[in-house]
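Taking it in order: structure first as structure tokens, then the write-up.
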Amino acid sequence: MKKSLFFLTMLVIVFFYADYFRGIYQPKPTLSLAQQAGVDTREFVSPEYCFDLIIEDRETVSARLNIKYFNNLSYPLDEIKMILPANLLSGEKYIELHQLNVKGRSFTYQKNDQSFIVTLAQSLMPGEGLEIETRFHTSLPCCPDKFGYYQDALRLSNWYPVIAPFDREEKKWVCFKELPFGDPYYYEAALFKGRVQAPSGWQVISPFVSGSDQTQDNFLIDSHFPARDCTFVIGTGFHQVRQEVDSIQVEYYFQKHNRDFAPHGADVLKFYQSLLGNYPYSRLVLVDLPLSNYLGMEFSGMVFLSTSYPQVGIQTLAHEIAHQYWYGLVGSNQIKEPWVDEGLASYSALLYLEEKYGGESYCQAIKEINREGNFLSFFPISAYPNREVYKEAVYKGPALFWDRLRHLAGRESLCQVFQRVQIDYKFQIINGEELFHVLKKAYGLNNHQLRRLLFGE
């Protein structure tokens, strides 16, 4: 019943988009949306997160975290919003803040269990920076999820306080919330540097490990390039297989069964480097873990691959590694526009399968998606009634749109558009309007023509 009502709503939405494209999705002739909102991407200065992380035991970590934040907008900021992601995404109190200071500035702050607002006595002017010092601890639940501990492995994602992303369209700080499906969070790209102190004999698995002092069980962390997050798997009993591609180490970690993902991961990454551009980090880390709700999960420089589902294979691997480009290098608001990164990752994976198995494999996949009657919509995650409808609209529907664009001017032309987006928006955030502006310029489309391609009219 819910699904039927959703499709009826979609019919109304399709008619509505005739005006929508003439209005909100009307590009400006000289300025990008980011520039109109006050962001000069050529002068964007990434935040810097510097931390000392101590693994107390499998249930608790503590840390000191200093954040250098720069106002990249064209107007002053009177307040900074910081969020506690693990709390927001779970409704629980896993991250607990013990200390906060803004170095060299007068300030006050208000907090709850999920976020806190730092109000500055003197505004942070455009181009100006500040440094926030924090001390906190994070408790981990026992569960086979992307955050928690399970079977001798800590999964540290969304584990630290973060300065919230700023929505430049709505001119406000973004907040996350717990949802039963999807990935209702995203981050501004930042530089990460720090140290992890782990119990003796424990492994610290991260794409950003730059060295270690084994006598102290200290592991040095340095992303060298901006990244969306700094995620760790920390535990014991992992075996490692490495495969090098273009001077990048693809590292595959598993505890029990070697599923041979190292050579396959290297092959996928090599293809995406030719398709989408250079992967900037020195490592791509693939980790086998029990995951109860995911086939795979992407993080900057790292992919979790579920051992809980037997169907996890090459297609899942290709999709998650595609997220290194569509989420990692080019970010988007996954809460408001999940179709952007999921659709691009899904279609990029289809291009890899075409490369590996031939054109018939690609055509068969597109036919299968068409046969299932999938559709594209622009709803936020919270608007979908269930996981099934969400995946149809956000993963599969956009793949059909990209396929229709391919038929318009050929595969090579479409790949050039992807490369252009990767160049222009690397380490930035792209939204749907900006993406449509790129497409209309590349293909010479008007609003009516683009709408027909989007909805298969």
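Return the inverse of the average 1/r over all pairs of distinct C-alpha atoms in region 305-457, which is the Kirkwood hydrodynamic radius, in Å to one decimal.
15.9 Å is the Kirkwood radius here.
For region 44-235, count the residues as N, evaluate 2.2 N^0.38 Å, and divide the Cα radius of gyration by that value, please. Please report the intermediate quantities before stating the final value.
Values: Rg = 16.6 Å, N = 192, 2.2 N^0.38 = 16.2 Å.
Ratio of Cα Rg to 2.2 N^0.38 Å: 1.02.
For residue 92, put the label point 7 Å out on the Cα→Cβ axis and report which residues of region 43-80 keep their amide N under 15 Å from it.
Inside the label zone: 58-61.
Quick one: 132, 117, fewest Cβ neighbours within 10 Å first, how do they rank?
Final ranking by Cβ density, sparse to dense: 117, 132.
Each label point is 7 Å from the Cα along the Cα-to-Cβ direction; what then is the distance between the points at residue 172 and residue 415, in nm?
Taking the simple label geometry, residue 172 and residue 415 are separated by 4.3 nm.
So how much slack lies between residue 121 and residue 103, counting 0.36 nm per residue of separation and subtracting their Cα-Cα distance, in nm?
Working: separation 18, 0.36 × 18 = 6.48 nm, distance 1.26 nm.
Extra length from residue 121 to residue 103 when fully extended: 5.2 nm.
Starting from region 292-378, pick out the GluC sites (Glu not before Pro) whose DSSP state is loop and whose Cβ has at most 12 other Cβ atoms within 10 Å.
Taking region 292-378 and a limit of 12 other Cβ atoms within 10 Å, the loop GluC sites (Glu not before Pro) found are 372.
If you place +1 on the Cβ of every Lys and Arg and -1 on the Cβ of every Asp and Glu, how big does the dipole about the Cα centre of the chain come out, in debye to the nearest 20?
Values: 44 positive and 52 negative charges, 191 e Å.
Computed about the Cα centre, the dipole is about 920 debye.
Tell me what the chain gives for mean residue ellipticity at 222 nm when only DSSP H runs of n ≥ 4 count, each as -39,500 (n - 2.57), the sum divided by the residue total, rounded to 500 deg cm²/dmol.
Details: 12 runs with 140 residues, N = 457.
Roughly -9500 deg cm²/dmol at 222 nm, from the helical runs in the chain.
What is the spread of the Cα atoms of the chain along each of their three principal axes, largest first, in whole Å?
Sorted largest first, the three principal extents are 62, 56, 46 Å.
Enumerate by residue number the GluC sites (Glu not before Pro) in region 135-189 meeting two conditions: DSSP loop (anything except H, G, I, E, B), and at most 13 other Cβ atoms within 10 Å of the site's Cβ.
170, 178
Can you list the DSSP H helices in the chain whose Cα atoms extend at least 15 Å along the helix axis and whose mean Kyte-Doolittle hydropathy is 0.5 or higher?
Numbers: long enough: 2-22 (30 Å, 1.05); 261-276 (21 Å, 0.41); 338-357 (28 Å, -0.17); 359-371 (18 Å, -0.89); 397-409 (19 Å, -0.06); 411-424 (20 Å, -0.38); 432-443 (16 Å, -0.27).
Helices passing the filter in the chain: 2-22.
List the longest stretch of the chain that has no exposed loop site; here a site is one of the trypsin sites (Lys or Arg not before Pro) assigned by DSSP to anything other than H, G, I, E or B, with at most 15 other Cβ within 10 Å. Please list the in-between numbers first.
Details: sites that count: 93, 103, 105, 171, 177, 256.
Free of exposed loop sites, the longest segment is 257-457.
At a Förster distance of 22 Å, what's the computed FRET efficiency of residue 137 paired with residue 112, Cβ-Cβ distance as r, to 0.05?
0.80
Over the chain, what is the relative contact order in percent, taking alpha-carbon pairs closer than 8 angstrom and at least six residues apart?
13
Counting only C-alpha contacts under 8 Å and six or more residues apart, can you give the relative contact order of region 220-286 as a whole percent?
Numbers: 67 pairs, mean separation 23.1, N = 67.
35 percent.
Cα centroid distance between region 128-180 and region 313-352, in Å?
21
Separation between the residue 446 and residue 372 pseudo-spin-labels, each 7 Å from Cα along Cα→Cβ, expressed in nm?
3.6
Set Lys and Arg Cβ to +1 and Asp and Glu Cβ to -1, take the dipole of the chain about its Cα centre, and tell me which of 205, 82, 357 lies farthest positive.
357
Rule-based calculations on the coordinates, nothing more; no lab input. Predicted model, so just to flag it, every value in this text is computed and none were measured. Here the Cβ is made from the backbone with ideal geometry for all residues, glycine too, and neighbour counts use every protein chain on show.
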